[in-house]
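Colleague: Have a look at this one before I ask anything.
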Amino acid sequence: MEKEYYAHPTAIIDDGCVIGKGTKIWHFSHIMPNCILGENCNIGQNVVILPEVVLGKNVKVQNNVSLYTGVICGDDVFLGPSMVFTNVINPRSAVNRKSEYAKTHVGTGASIGANATIVCGHDIGEYAFIGAGAVVTKTVPAFALVIGNPARQVGWMSEFGHKLEFNEKGLATCKESGQVYELNNNVVKRIS
């Protein structure tokens, strides 16, 4: 049976992986055992995906990204160049903590900028936007815009990646899509 994805000849794909139709895996990347990569993902060069990581459909993983065991990404997630996830809160070389791997879930449509670090156990909400170089040390709500070290929330983003400006009624419109969002009790949701 012919595979339905593309892997560059220098890529290494270990046994037990499930790779969706239309996915592309580029130069010098290593997909370790029992990973699941959805359809139409793009895995840049020099990416390492450790065992049991799960990526939804259409996930874009840019060059030099590390995804450690415990990471689960929803559909349409963007992982910027050289960003990294961790999977142990207090790593020590001489102490085996494989039983302590913490999970991190990245919601549908979220974007994580170049060189950002996501400390394990802190989920990223759907359509959240993590700025380049940010260090995420707590859970990020859906649609939140966070920047800095440690990351702090400075606004809200639309599904199309534009900063939302809410009026006195708690409503904002995405300038590209025309979608309307509501901010209520520090929670954003799209209402049209």
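Colleague: Given charges of +1 on the Cβ of Lys and Arg and -1 on the Cβ of Asp and Glu, with all other atoms neutral, how large is the dipole of the stretch 1-157 about its Cα centre, in debye to the nearest 20?
Modeller: Numbers: 11 positive and 11 negative charges, 89 e Å.
Dipole size: approximately 420 debye.
Colleague: For the chain, what does the relative contact order come out to in percent, with C-alpha contacts under 8 Å and a separation of six or more?
Modeller: Details: 589 pairs, mean separation 19.0, N = 192.
Worked out over the chain, it gives 10 percent.
Colleague: So how far apart, in nm, are the two label points at Ala132 and His27 if each is 7 Å from Cα heading toward Cβ?
Modeller: 2.1
Colleague: Just going by the charge dipole of the stretch 1-157, with Lys and Arg at +1 and Asp and Glu at -1 on Cβ, which of Val84, Gly70, Val135 is farthest out on the positive end?
Modeller: Val135
Colleague: Can I ask one more? Starting from the Cα-Cα distance between Val95 and Phe160, subtract it from 0.36 nm times their residue separation and give me the gain in nm to one decimal. Spell out each step's value before the answer.
Modeller: Working: separation 65, 0.36 × 65 = 23.40 nm, distance 4.33 nm.
Working it through step by step, the gained length comes to 19.1 nm.
Colleague: What is the Cα centroid distance between the stretch 139-192 and the stretch 53-124, reported in whole angstrom?
Modeller: Value for the Cα centre distance between the two parts: 23 Å.
Colleague: Could you work out the per residue convex hull volume over the alpha carbons of the chain, in cubic angstrom?
Modeller: Values: hull volume 23.8 nm³, N = 192.
Convex hull volume per residue, Cα atoms: 124 Å³.
Colleague: How would Ile31, Ile36 line up from fewest to most surrounding beta-carbon atoms within 10 angstrom? Before the final figure, lay out each step's value.
Modeller: Working: Ile31 25, Ile36 16.
Placing the least packed residue first, the sequence is Ile36, Ile31.
Colleague: Using a Förster distance of 30 angstrom, determine the FRET efficiency expected from the C-beta separation of Val180 and Gln153, and round it to 0.05. Before the final figure, lay out each step's value.
Modeller: Details: r = 21 Å, r/R0 = 0.70.
Once rounded, the FRET efficiency stands at 0.90.
Colleague: Report the net charge of residues surrounding Lys57, where surrounding means a beta-carbon distance below 13 angstrom and charges are Lys +1, Arg +1, Asp -1, Glu -1.
Modeller: Working: positive: Lys21, Lys60; negative: Glu39, Asp75, Asp76.
Summing Lys/Arg as +1 and Asp/Glu as -1 gives -1.
Colleague: May I pose another question? What FRET efficiency do you get for Asp14 and Gln45 if R0 is 22 Å and r is their Cβ-Cβ distance, rounded to the nearest 0.05?
Modeller: Numbers: r = 18 Å, r/R0 = 0.81.
Using R0 = 22 Å, I get an efficiency of 0.80.
Colleague: Taking a point 7 angstrom from the Cα of Glu4 along the C-beta vector, which residues in the stretch 56-92 have backbone N less than 15 Å away?
Modeller: Flagged as within label range: 57-58.
A short reminder: the numbers here are calculations on the coordinates, not readings from a lab. Note that the structure is predicted; figures quoted are calculated from it, not measured. Please note: Cβ atoms are built from the backbone with ideal geometry, for glycine as well, and neighbour counts cover all protein chains shown.
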